[in-house]
Amino acid sequence: MRVSGVLRLLALVFALVATWIFIRSYVSLTMKTIRLPRWLGSNSKEIKAVKTKCGLSKPCPDNFFAFKISSGAANVVGPTMCFENFVIMSPVKNNVGRGLNIALVNGTTGTVLTQKCFDMYSGDVKLLVKFLKEIPEGTLVLVASYDDPGTKMNEETRKLLSSLGSSYAEQLGFRDSWVFLGAKNLKDKSPFEQFLKNHPDTNKYDGWPELLELEGCVPQKVF
């Protein structure tokens, strides 16, 4: 009887100790669960996605204008121009056309002055010459090709485009791809230009080179 009583007492003590350990562990875990989010919230930094104008890969510094220009893709998809997060020309806006698509922007205020497209396959090149000669001083000029920018190109037109800072206007020909940002009477060549020659060995599309995309930050009053 004495042995049986001792065993019962030990079993009771063991049960009490086990219950106490379980309760203590549960309470401790619960407190950690409650406190952990607060600790994380007080020390973690909130990560926000940086939105850039015109979807640039990185934001422009102060006193710089953001821009992005995409040429047309073959004769299927028209070009797109964005300046300071404003889409000037695009297929969605239905204001682009075959040939050269050109937008003029005030180089000081960033205000869009006008946009036009010139048919360089069967249009009147004199209209483009007149337009280029009348560009005001201090104006930024954004250009994007679509389908064919070069068939109607003549020597006068090439010189006028070169005076805007283009390095490739002299080479521009049938179905070439070209994107460019320059300015009236630019002293040096513009750093904002891309050009692809139409060639069957390198063309991405059947009869056309691939589309070009140009983006960057242009300083105010730089020209």
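The values are calculated or read from the model by the stated rules, or taken from the named source; none is laboratory data. Given the structure is predicted, the values throughout are model-derived calculations rather than measurements. Because the Cβ atoms are built from the backbone with ideal geometry, glycine has one as well, and the counts that use them run over all protein chains shown. Protein only, heavy atoms only, side chains kept; ligands, DNA and RNA dropped before computing areas. Shrake-Rupley method; radii C 1.70, N 1.55, O 1.52, S 1.80 Å.
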Residue pairs within 6 Å by beta carbon, gap of at least six or interchain, first lying in segment 200-223 and under 15 Å from Cys60 (Cβ atoms) and touching a residue at least 40 places away in the same chain (Cβ under 8 Å), second surrounded by 12 or more Cβ atoms within 10 Å (Cβ to Cβ) and charged (D, E, K, R), listed first then second, are Glu215/Lys68
Restricting segment 196-223 to residues that are part of a loop (DSSP other than H, G, I, E, B) and among the acidic types (Asp, Glu), the one nearest to Ala66 (Cα to Cα) turns out to be Glu210
Q. Mind checking whether some residue in segment 157-167 is within 20 Å of Ile69 (Cα to Cα), open to solvent by 70 Å² or more (accessible area, probe 1.4 Å) and not aliphatic (A, V, I, L, M)?
A. no
Cβ pairs under 6 Å, 6+ apart or interchain, first in segment 128-145 and within 19 Å of Ser167 (Cβ to Cβ), second charged (D, E, K, R) and not in a strand (DSSP E or B), ordered by first then second residue, are Ile135/Lys184
Screening Glu193, Glu155 for residues that are at negative phi and without any contact (Cβ under 8 Å) to a residue 24 or more places away in the chain leaves only Glu155
Of (1) under 27 Å from the mean Cα position of the chain (by Cα); (2) more than 18 Å from Lys197 (Cβ to Cβ); (3) open to solvent by 10 Å² or more (accessible area, probe 1.4 Å), Val129 satisfies every one except (1)
*asked:* So, Val96, is that one in contact with a strand residue (DSSP E or B) (Cβ under 7 Å, 6 or more places away or on another chain) and within 15 Å of Val218 (Cβ to Cβ) or not?
replied: no
Looking across segment 38-79 at residues that are at pLDDT 95 or above and part of a strand (DSSP E or B), the single one that is most open to solvent (accessible area, probe 1.4 Å) is Phe64
Exercise for the section: Could you check, for segment 198-209, whether at least one of its residues is farther than 20 Å from Lys116 by Cβ, at pLDDT 95 or above and of a type outside the set (Val, Ile, Thr)? Expected result: no
Restricted to segment 106-126 and to residues being closer than 20 Å to Thr157 by Cα and among the hydrophobic types (A, V, I, L, M, F, W, C), the residue most open to solvent (accessible area, probe 1.4 Å) is Cys117
In segment 174-191, anything closer than 23 Å to Glu215 by Cα and either open to solvent by 30 Å² or more (accessible area, probe 1.4 Å) or touching a Gly at 6+ places or on another chain (Cβ under 7 Å) (or both) is listed as Arg175, Asp176, Gly182, Ala183, Lys184, Asn185, Leu186, Lys187, Asp188, Lys189, Ser190, Pro191
For segment 205-223 the number of residues that are in contact with a Lys or Arg (Cβ under 6 Å, 6 or more places away or on another chain) and either open to solvent by less than 60 Å² (accessible area, probe 1.4 Å) or closer than 26 Å to Thr108 by Cα (or both) is 2
The condition from (1) β-branched (Val, Ile, Thr); (2) open to solvent by 90 Å² or more (accessible area, probe 1.4 Å); (3) touching a Ser or Thr at 6+ places or on another chain (Cβ under 8 Å) that Thr202 misses is numbered (3)
Of (1) without any contact (Cβ under 8 Å) to a residue 60 or more places away in the chain; (2) in contact with a helix residue (DSSP H, G or I) (Cβ under 8 Å, 6 or more places away or on another chain); (3) not basic (Lys, Arg), Pro149 fails just (2)
message: Just checking, does segment 76-98 include any residue being within 21 Å of Phe192 (Cα to Cα) and free of Cβ contacts under 8 Å to residues at least 24 places away in the same chain?
response: yes
